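See below for the structure under consideration.
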Amino acid sequence: MTPTDWFTAMLLGLGTIFFIAGAVGLIRFPDTYTRLHIATKTDNVGLGLIVFGLAVQSGSWSVAGKLVLIWLLVMLAGASVAYLVANGAISRGIPVWKR
Amino acid sequence: MPTILEKGPPSWNGSHYFITDFMQRVLLFSVIWLIFTAGAAASWWIGAPAIACTAIVSLRLVAPVRPSWNGSLRFLAYFLAKSFLGAVDVSWRALHPALPIEPNLIEYPLKLRHKMARVFMANTVSLLPGTLSVSLQAHYLRVHVLVDRKTVLTDLETMEKKVAMMFETGLAGTP
């Protein structure tokens, strides 16, 4: 494996850990709001790492550019949808879980 | 819409805003087209009219913004570092056996008045450590916090200043 391959492997591994943590949190967290926390943040960073790891492998600025565009769109969609779901939940009176 | 919100510069009154703002959009959409088509020269027969139409429509839909380069770079560096920490923090809490969370709802007194900067701020907050935007109101942003800490408000203040710098817009109550 070349140094680039190791770099990619490291980023993909790290990104996968974030996605796994995101899935675990989705199950373990107690309410809508806390689940939104984990879904939004880990998806954004996990996908960012995976996109970066794949972009250095692509060998083409066009493919790398498309990957980055996908990441930006997912980030925008993730943050906007998290707001819409949280806002919908609060206006329907769904209570906030408290310890 | 509450009248306290600042409107962006007019885009269709024939002022000097129009040409520079139009060229800014054309440049942005051209870069995206270039990425999509991998630089195929023949694609510009479709690309050029499409970009021109999109630039016109986008100026109608979204008022021109003129972000500061310096402010944007500083925001980007801060945002990348903070959003990474945010994911690490929430992942650690999700995997920890004791599930160390203490959620609460807080109200952050929002000083940004520029309409797009406020939406931008609300979206950014959801990607920062331990905060999630729940409701954007005229004078405050309701935020769900994963762990109720005093530092949250100062963190949000720092972020709001960075967003204001990027959009080159002022904060209410400060000179």
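Couple of notes before you dig in:
- Cα long-axis angle, helix B:115-125 against chain B (0 to 90 degrees, to the nearest 10): 50
- Taking every residue in B:90-103 and counting other chain Cβ atoms within 10 Å of its Cβ, the average works out to 6.
- Over the residues of the protein assembly as shown, the helix contribution to mean residue ellipticity at 222 nm works out to -22500 deg cm²/dmol, using -39500 (n - 2.57) for each DSSP H run of at least 4.
- With Cα atoms, 0 to 90° folded angle of helix B:151-167 axis to chain B main axis: 10
- Gyration tensor over the Cα atoms of region B:69-167: the corresponding equivalent ellipsoid has semi-axes (square roots of 5 times the eigenvalues, largest first) of 24, 17, 9 Å.
- Shape call, chain B: gyration tensor on alpha carbons, a/c limit 1.5: oblate
- Helix B:44-61 axis, angle to chain B major axis (alpha carbon atoms, nearest 10°): 50
- Cα-based shape type of the protein assembly as shown, given that a ≥ b ≥ c are square roots of the gyration tensor eigenvalues and the cut on a/c is 1.5: oblate
- Ratio of Rg to Rh over chain A (Cα coordinates, Kirkwood Rh, two decimals): 1.11
Just so you know, all these numbers are worked out from the coordinates, no wet-lab data involved. These figures come from a predicted structure and were not determined experimentally. Don't worry about glycine lacking a Cβ; one is built from the backbone with ideal geometry, like all the others, and counts go over all protein chains shown.
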